[in-house]
Amino acid sequence: MKNTKFVIAVLTPVFLCMFTFQILPIFLGFGISFFNYSPLNARNEFLGFSNFARLFSDPVFHIALKNTLYFVVGAVTINIVLTLTIAQIISSFRYNRVRSIFRVVFFMPCVAPLAASSFVWARMYEKRVGLINVLLDNWFGIAPRAWLGEAATMMPSIIVFTLWADIGYNIIIFCAGIDGIPSDFYEAAVIDGAGPLRRFLKITLPLLGRTTCFVIAMTLISHFQMFAQFEVMLAGHGGPNNMGMVLTLDIYKTAFIYKDLGYASAISIVLFIIIMLFTIVSQRLNRVDWGY
């Protein structure tokens, strides 16, 4: 009985905070999406599903949706392949001190505030004095270009920055998953004559099923919600012809610049549904029903 009271006393504040700051805003946002809601309006008119119908005729929303899917699919795919490869290389080192050094090096960008890192990288991407253009011009003779000012290079440039800032988390998780695989499997494979690539494909990759499923789901969720780099690196305007506009930036501009919170809530609900669908599909595709 005493243990039950202690558990209730400890968990009650946690559940209250979760309900207040996570669950309740979802329902409030869903309710606001049915109104012409704005803090500047004396009366907020009920619109029904008009805000959602407006999405089909909004060209900015269509561009933001396409750019969001492009960014998420591209960044997450490269992230998973890159982090798994790096984690495998790090785990292949014999000494724990060497592995720890590499983990710290890759995790360091994750500690820096994303807005501050975005500002620094935006300066690095500048056409005239940016470090990237200077290095490319001096080393390879490539003419400077406005990486964040051209439609062809804008999103790839932001993806490169996002990878630099975010891969540390998944590297740590994959390293932990690889280190948790019993060495007996690898010893038996070596005795059977399996090389490093075959051991990775036949042992490491299958036994990382649960870890990979978790990493994909969490990376999808976080990338759909990314905002700071688009706001800071593109100065909040979404780039030329809105080619850098994503749903999070569209929500922010609609809500806090145009003061149309009802329509912004409708976009938020669509983003919520997209994240939920992508997460469910990734969980289904990566379902693992066995252990070791």
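For the reader, a short list of remarks on this structure follows.
- Among the numbered conditions (1) within 24 Å of the chain's Cα centre (by Cα); (2) at pLDDT below 90; (3) not small (Gly, Ala, Ser), the only one that Val60 does not meet is (2).
- Trp121 passes every criterion in (1) surrounded by fewer than 12 Cβ atoms within 10 Å (Cβ to Cβ); (2) at pLDDT 90 or above apart from (1).
- When Gly149 is tested against (1) closer than 28 Å to Phe71 by Cα; (2) free of Cβ contacts under 8 Å to residues at least 24 places away in the same chain; (3) outside any helix (DSSP H, G or I), exactly one condition is not met: (2).
- When the residues of the range 66-102 are filtered to those that are of a type in the set (D, E, K, R) and under 22 Å from Ile203 (Cβ atoms), the one that is surrounded by the fewest Cβ atoms within 10 Å (Cβ to Cβ) is Arg94.
- The set of residues in the range 125-146 that are in contact with a helix residue (DSSP H, G or I) (Cβ under 9 Å, 6 or more places away or on another chain), surrounded by 15 or more Cβ atoms within 10 Å (Cβ to Cβ) and outside any loop (DSSP other than H, G, I, E, B) comprises Ile132, Asn133.
- Unique residue being part of a helix (DSSP H, G or I), farther than 25 Å from Cys213 by Cα, touching a helix residue (DSSP H, G or I) at 6+ places or on another chain (Cβ under 7 Å) and not β-branched (Val, Ile, Thr) when the list is Ala87, Ala122: Ala122
- Leu114 vs. criteria in contact (Cβ under 8 Å) with a residue 12 or more places away in the chain and either β-branched (Val, Ile, Thr) or touching a Gly at 6+ places or on another chain (Cβ under 9 Å) (or both): no
- Filter pass, Phe230 being surrounded by 17 or more Cβ atoms within 10 Å (Cβ to Cβ), under 21 Å from the mean Cα position of the chain (by Cα), part of a helix (DSSP H, G or I) and of a type in the set (Phe, Trp, Tyr): yes
- Of all residues in the range 4-54 being modelled with pLDDT of 85 or more and of a type in the set (Ser, Thr, Tyr), the one that is surrounded by the most Cβ atoms within 10 Å (Cβ to Cβ): Ser33
- Residue match in the range 185-201 (condition: at pLDDT below 85, among the small types (Gly, Ala, Ser) and within 17 Å of Leu114 (Cα to Cα)): no
- Any hit, the range 153-163, residues being assigned to a loop (DSSP other than H, G, I, E, B), within 25 Å of Val73 (Cα to Cα) and either of a type outside the set (Gly, Ala, Ser) or free of Cβ contacts under 8 Å to residues at least 24 places away in the same chain (or both): no
- For the range 167-221, filtered to residues that are within 30 Å of Phe278 (Cα to Cα) and among the polar types (S, T, N, Q), the residue that is surrounded by the most Cβ atoms within 10 Å (Cβ to Cβ) is Asn170.
- When Gly244, Gly262 are checked against the criterion of being crowded, with 16+ Cβ neighbours inside 10 Å and not in a helix (DSSP H, G or I), a single residue qualifies: Gly244.
The values are calculated or read from the model by the stated rules, or taken from the named source; none is laboratory data. Quantities reported herein were computed from a predicted structural model and do not represent experimental measurements. Ideal geometry is used to build each Cβ from the backbone, glycine not excepted, and the neighbour counts take in all protein chains shown.
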